[in-house]
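The values are calculated or read from the model by the stated rules, or taken from the named source; none is laboratory data. Nothing here was measured: the structure is a model prediction, and the numbers come from that model. All Cβ positions, glycine included, derive from the backbone under ideal geometry; neighbour counts span all protein chains shown. Each accessible area value is taken on the protein alone, full model and side chains, heavy atoms only, with ligands, DNA and RNA left out. Shrake-Rupley method; radii C 1.70, N 1.55, O 1.52, S 1.80 Å.
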Amino acid sequence: LKPMGFKHTGVFPEQAVNWDYTAARIRAAKEKNPEREIKILNLFGYTGAATLACMEAGATVTHVDASKGMVQWARENAAASNLERPVRWLVDDCVKFVQREIRRGNHYDGIIMDPPSYGRGPGGEVWKLEEQLYGLVEMCVPVLTDDPLFFILNSYTTGLSPSVMAYLLGVLLR
């Protein structure tokens, strides 16, 4: 935790219920099949709390955020937590990364997506939640395995209500 000039502390504690949920789903899948490699994609990964919860539960995580400083902070959090699981720490535009994963044929057992209302990618790409969220969620569907464990979508914007988010996921993740 660290106070920052833009009202953040490095963690959003209201997400703890999601961290518990993802960890429980990963552990249950590992208990069912201990040899299974569980791969999780954390888009807009921030300082890594969700990544660490998944790592601690036994998953291999790909953590993507456009901010080099946030990815470095997430790496430091993993080291401070003595988590040694395989993880890919990537500074990248989430949309471009998912497009490449589709081309590569990579798949994930779970996706965590906590996009900002507005942001800029490392190459100056502009992200506007209301305009681009549907397309990104739709783009993520092909990178899910045939029997995914979860798809978590968070949003803090007033522009999209929780019912809109639920509808979006219901339509795209049938």
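Against the list (1) open to solvent by 20 Å² or more (accessible area, probe 1.4 Å); (2) in a helix (DSSP H, G or I), the condition LEU133 fails is (1).
Flag not set for SER155, criterion: assigned to a helix (DSSP H, G or I), polar (S, T, N, Q) and either at pLDDT below 95 or surrounded by 14 or more Cβ atoms within 10 Å (Cβ to Cβ) (or both).
Residue by residue through the stretch 42-79, note down the ones that are at pLDDT 95 or above and touching a Cys at 6+ places or on another chain (Cβ under 8 Å). Those that are at pLDDT 95 or above and touching a Cys at 6+ places or on another chain (Cβ under 8 Å): ASN42, LEU43, VAL61, VAL64.
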